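Single-structure report; data block below.
The values are calculated or read from the model by the stated rules, or taken from the named source; none is laboratory data. All figures in this text were calculated on a predicted structure; none of them were measured in a lab. Here the Cβ positions follow ideal geometry from the backbone for every residue, glycine too, while neighbour counts run over all protein chains shown. Quick note on the areas: whole protein, heavy atoms, side chains included, nothing else; ligands and nucleic acids left out. Shrake-Rupley method; radii C 1.70, N 1.55, O 1.52, S 1.80 Å.
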Amino acid sequence: MRFLVSLAIALAIGIGVGLYLGLVQFPVEYTDAAMPRLSARHQDDYTVMIAYGFQADGDPGAALERLRPLEFDNVPQHIQETAERYISSSRGVGDVRALVTLAEGVGRLTPIMEPYRQVEAGG
Amino acid sequence: MSQRESAPTPPKARSRYDRPRRPFSILGAIVGLILGMGVGLLYAWVITPASQETVEPWQLDADSRASYTAAIALAYSEDDDLGRAVERLIALRFPGDPIQGVADVACQLASTGAAGSTGGLTALRAMIDLYRLQGRAGCADSLITLAGDPGTGIVEIDLPTPTVTLTAPPSKTPTPATIITTPTRIAVIPTLAPQNDFDLVGVTTACSVEASGVIIVEVYELNGSTGVPAVEVRARWNDGESRFFTGLHPNRGSSYADFQMEPGIDYLIDLPGRADPIGQPLSAVPCTTPGGDRAVITYRVLFRRSE
């Protein structure tokens, strides 16, 4: 009887410890995930990187093609929203300018972006 | 003597029947804990593992990781922020050196036809710049050297083992003649302008099982979209040559001609009398397709009518 009671109590404690370890401390980590499952923070960062790439090559087609793996229904809309979110949350000016340049490149310049437009000096 | 008599006797070991019983069974507790943890872990890892809604960059599949790596290099090419680039690369958890990881991805992309588009070429160039500046090297260095303005999309292909020695074609440009009209005055007759009908636009690479080891030659009018049929194309190698014409594959368009390479042989392509040979011989080197199949590299050589 003493053995069975100890076994039952320890079993309950063990299940609790096992669940904690398996779900919280060492949860299952997935690999081979597709780009759309990237966390929002990294999707934003990826968009910023593509925006910098657009600043470098000025090719809106290539930028849209690079953003296609994120599988947004409307990629220009995603660019516009990211740019506006970066502006409203006071993110780095370099990132904002890159996003605004890309938004303008795909025809999504909005009034809130105007101050961040990079106008080339006329000759 | 009396001291010896009063010395305490050692306590007598108690038998198990004399000890008070513990309130719990150690054996039962250990077995219960082990079983319980096993059940808990089985439930958490196998039966209903916690669903992960979002992932980190290192958890992406190979293609997405390559895209992410290219994006990092593109951003670095513009912002020059190496610290930020390395931070982003660390998030990809390359095994070993993250910069070398960029070189490895660039190598993989270069041998699977990523250079086939202008955007892909720009990304490759950014990756090569990134790892070269940090003193790393990769096979993309030897596969692709970008010439001049990255926006032109012109690729020169440096072969790893250029072994053939090809005789240079006869130049259509006359050698400048020097005519001495007076003992003290030299008149130089200028070189005539080249008489080529077509200019080489560029050579791009791809890797596919369907077009394994094929040199595709396309000849266009000046507008870049209208194909020119019946243009003679020549492929030369160290002990032979083959001539073929554009437009003989009706379903491929009037601009198209192709030639099947033999592994290990280098080829020079030109339009005899109408365009100079390409600058570097094309070599049938092995490559890996995006699907992971082995193939021989495919070249696409573009000519356009001269202005």
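Given a 1.4 Å probe and the protein chains all in place, what does the accessible area of B:Phe198 round to, in Å² to the nearest 10?
Probe radius 1.4 Å; accessible area of B:Phe198 about 0 Å².
With every protein chain present, what accessible area does B:Arg252 have (1.4 Å probe, heavy atoms only), rounded to the nearest 10 Å²?
130
For A:Ala34, what charge total do you get from the other residues with a beta carbon under 14 Å from its beta carbon, if Lys and Arg give +1 and Asp and Glu give -1?
So the environment of A:Ala34 carries a net charge of -3.
Just the projected area, averaged over all directions, of the convex hull on the alpha carbon atoms of the stretch B:186-307: how many nm²?
9.6
Compute the FRET efficiency between A:Asp73 and B:Glu53 as 1/(1 + (r/R0)^6), taking r as their Cβ-Cβ distance and R0 = 22 Å, and round to the nearest 0.05.
Calculated value: 0.70.
Starting from the residue with the highest accessible area, list A:Phe3, B:Phe94 in decreasing order, probe 1.4 Å.
Largest accessible area first, the residues go A:Phe3, B:Phe94.
Mind giving me the nanometre distance, one decimal, between the label points for A:Ala40 and B:Ser225, set 7 Å out from Cα along Cα→Cβ?
4.2
For the stretch A:37-42, what does the Karplus curve 6.51 cos²θ - 1.76 cosθ + 1.60, with θ = phi - 60°, yield as ³J(HN,Hα) per residue in whole Hz, taken in order and with x for Gly and Pro?
8, 4, 4, 4, 4, 6
Mind ranking B:Ile72, B:Ile26 by accessible surface for me, highest first, 1.4 Å probe?
Output order, biggest surface exposure first: B:Ile26, B:Ile72.
Please list, in order along the stretch B:52-61, the HN-Hα scalar couplings obtained from phi with the Karplus expression 6.51 cos²θ - 1.76 cosθ + 1.60 (θ = phi - 60°), rounded to whole Hz, x for Gly and Pro.
Ordered by residue, 3J(HN,Hα) equals 9, 6, 10, 10, 8, x, 5, 8, 6, 6 Hz.
Please find, in a Gaussian network model of chain A (springs between Cα atoms separated by less than 10 Å), the residue of A:Val28, A:Val96, A:Val106 whose mean-square fluctuation is greatest.
Answer for the Gaussian network model of chain A: A:Val28.
If you rank B:Val214, B:Val86 by how much accessible surface each has, with a 1.4 Å probe, what is the order from largest down?
Ranked list, largest accessible area first: B:Val86, B:Val214.
Just the number: Rg to Rh for the stretch B:57-150, Cα atoms, Kirkwood Rh, two decimals.
Rg/Rh: 0.93.
Can you give me the solvent accessible area of B:Glu232 with a 1.4 Å probe, rounded to the nearest 10 Å²?
We get 50 Å² for B:Glu232.
Step through the residues of the stretch A:10-24 one at a time and calculate ³J(HN,Hα) from phi using the Karplus curve (6.51 cos²θ - 1.76 cosθ + 1.60, θ = phi - 60°), rounding each to whole Hz and writing x for Gly and Pro.
Rounded to whole hertz, the list is 5, 4, 5, 4, x, 4, x, 5, x, 5, 4, 5, x, 9, 10.
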